[in-house]
1. Calculate, in nm to one decimal, what residue 197 and residue 43 gain on full extension: separation in residues at 0.36 nm each, minus their alpha carbon distance.
2. With a 10 Å radius around each residue's Cβ, average the other Cβ atoms per peptide and rank 453-459, 21-27, 399-405, highest first.
3. Which entries of 227/353; 372/488; 212/310 have Cα-Cα distances beyond 30 Å here?
4. Taking amide H positions as placed 1.01 Å from N in the peptide plane, with prolines and chain starts having none, which residues 5 or more places from residue 311, or on another chain, fall under 5 Å of its amide H?
5. Quote to one decimal, in nm, the extra length available between residue 600 and residue 574 on full extension: 0.36 nm per residue of separation minus the C-alpha distance between them.
6. With +1 on the Cβ of every Lys and Arg and -1 on the Cβ of every Asp and Glu, and nothing else charged, how large is the dipole of the stretch 291-383 about its Cα centre, in debye rounded to the nearest 20?
7. Residue by residue through the stretch 141-150, what is 3J(HN,Hα) from phi via Karplus (6.51 cos²θ - 1.76 cosθ + 1.60, θ = phi - 60°)? Round to whole Hz and write x for glycine and proline.
8. Could you give the nm distance between label points at residue 33 and residue 491, where each point is 7 Å from its Cα heading toward the beta carbon?
Amino acid sequence: MGDDSEWMKLPIDQKCEHKVWKARLNGYEEALKLFQKIEDEKSPEWGKYLGLIKKFVTESNAVAQLKGLEAALAFIENAHVASKTTGEVVSGVVTKVFNQPKARAKELGMDICLMYIEIEKAEVVQDELLKGLDNKNPKIVVACIETLRKALSEFGSKIVTLKPVVKILPKQFESREKAVRDEAKLLAVEIYKWIRDALRPPLQNINSVQLKELEEEWVKLPSSPPKQTRFLRSQQDLKAKFEQQQAQGDQSDGDEEEETVAAVDPYDLLEPVEILSKMPKDFDEKIEAKKWQERKEALEAIEALTKNPKLENGDYGDLVRSLKKVVGKDANVMLVSLAAKCLAGLASGLRKKFGTYAGQVVPTILEKFKEKKPQVVQALQEAIDAIFLTTTLQNLSEDILGVMDNKNPSIKQQASLFLARSFRHCTQATLPKSVLKPLCAALVKQVNDSAPEVRDAAFEALGTAMKVVGEKAVNPFLADLDKLKLDKIKECSDKVELSGGKKGAAGGGAAVDKKSAVRAPPAAEAPSKSSAPPKKTQTAAASKPSAGPPKKGKAAAGGKTKKTSDSKELSETELSAEVCEELAAGVLPASCLQQLDSANWKERLASMEEFQRAVETMDKAVMPCQALVRMLAKKPGWKETNFQ
């Protein structure tokens, strides 16, 4: 008792530091009562405890620690100076509280972390919790993940920064501890509520079984976006609004919440990948090789690298020039498509950082639209659409105007359709009169073009421009058009769906006149990478079992066409015999080609059956029709005497 009487007389702050645990326990109890009594958050009394709060949470005696945690929580909730202690206290919670066997200790530790977030210290709390994930004690890791999940659930994705959390998430799925993996799964489900499909790319490489389990959980989630239920001290107006909505039976306007969810860009959650050092050392040599197979090998290596959704910035000038050369000058359409895909990948991965190269490649792509093969047109469209998003229409307008008078109708049509897709991403501010006027003048000229596909594309572009800036802004440029043409433009305008809009003639942001969609399916594509429309059209064009020469014409034209334009749509650049052989060799088994002109009719028959099987299972979008038909004409040839 004599020892007790010694410390009983000490001030509260000295008791809290005493070597006897009972003295500290008594100190924490009295501190808790004191913290709940002080009404002035700026009282000088708080300052006495600034350096002690960490000791409250790191208390070595389990019984005293619980009371110390309660006192610390009261201090953080009420003291104006509490924010100064965030880093050291949360660090103490992570290392000395989350490893405790008592559930109450862990619960109080979490409450302390969440209270620090409430007093505007979310970033510091999050940093300390993320550091805790590297701790060797799985109990600490589990508690850190659980606290992050709880913070996100209560405060939402605007307060909890998701990028660093998403970055560490895949690693937690690799843990040997089941408890860590299970908690990571719960966190992934919570994150998905807030950002939906933006979470998919960062998790694409986790174990397939775990990914399947996540998919099953994600499907069960309600479609309505979650709401912030706990608020920062600076968000008292939002808190009052939320409480009012709760009182009125939760009849809230979901628009703001939808915006919150939509505001998260998957790209922002990804870590950039450095690819320049990973390029094949012999790329420059192979891309200039005479053999198309070597050029293809070089491009495939680049395509694999550019599939990374986010690329590290660097000097891509030489690579862009090499790809541009293939697009502009290579006679092999398969390689042109590959190079275009690489450019699209670079533009998507670098975004605005690719803008410096846009002016170099856009003129080449526009000129290459003279190529009518659907797979080439689609690849070129995806490339130019991705490039557009890295720059501005003003920067590209001169290049576009440069091809609007081209003699080739395909180039004019695709330039106009590119404008239509680009306009959808513009606003009145980004589509000023100085940019719009010359483009409208060129489009008005195309409205009177002799080719129907060019006219339809021009109507589509003018209708989209009208939708973006309004009739008043566009009408002065349409003074020379008759009422029929003006009505057609207004009709197109009514069908248009702007980027992020809700009204349009076609889904996925692609508002396209049906005629132009049928005539040239890839043109219906918005700058998204979806290729569903072209596939659908080509499938329709190739659905009949026969694979004779007339079928080739339809596939090349991309589906059904008007009779008035058949002669134009079915025309195709004649390939040399060497190119035909190369293209056929690229899609047919080697034994098939060798035995087509065999002296033994049984071998020729077996080879033809193999040829037929290969064609029937081939992707229509990449089938080199002309090359295959001309190979058949050469061997076995139309004079084959065996009826089978």
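1. Values: separation 154, 0.36 × 154 = 55.44 nm, distance 4.83 nm.
Computed gain between residue 197 and residue 43 is 50.6 nm.
2. On the way: 453-459: 27.3, 21-27: 20.7, 399-405: 17.3.
Answer by packing, highest mean first, reads 453-459, 21-27, 399-405.
3. Where the Cα-Cα span goes over 30 Å, the pairs concerned are 227/353.
4. 273, 350
5. Details: separation 26, 0.36 × 26 = 9.36 nm, distance 3.17 nm.
Full-extension gain reported as 6.2 nm.
6. Numbers: 17 positive and 11 negative charges, 48 e Å.
With only Lys, Arg, Asp and Glu charged at Cβ, the dipole is about 240 debye.
7. Couplings: 4, 4, 5, 5, 5, 4, 5, 4, 5, 5 Hz.
8. It works out to 8.6 nm between the two label points.
Readers should treat all values here as calculations from the given coordinates under stated rules, not as data from a laboratory. Quick caveat, the model's predicted, so the values are computed rather than measured. Virtual Cβ from ideal backbone geometry, glycine too; neighbours counted across all protein chains shown.
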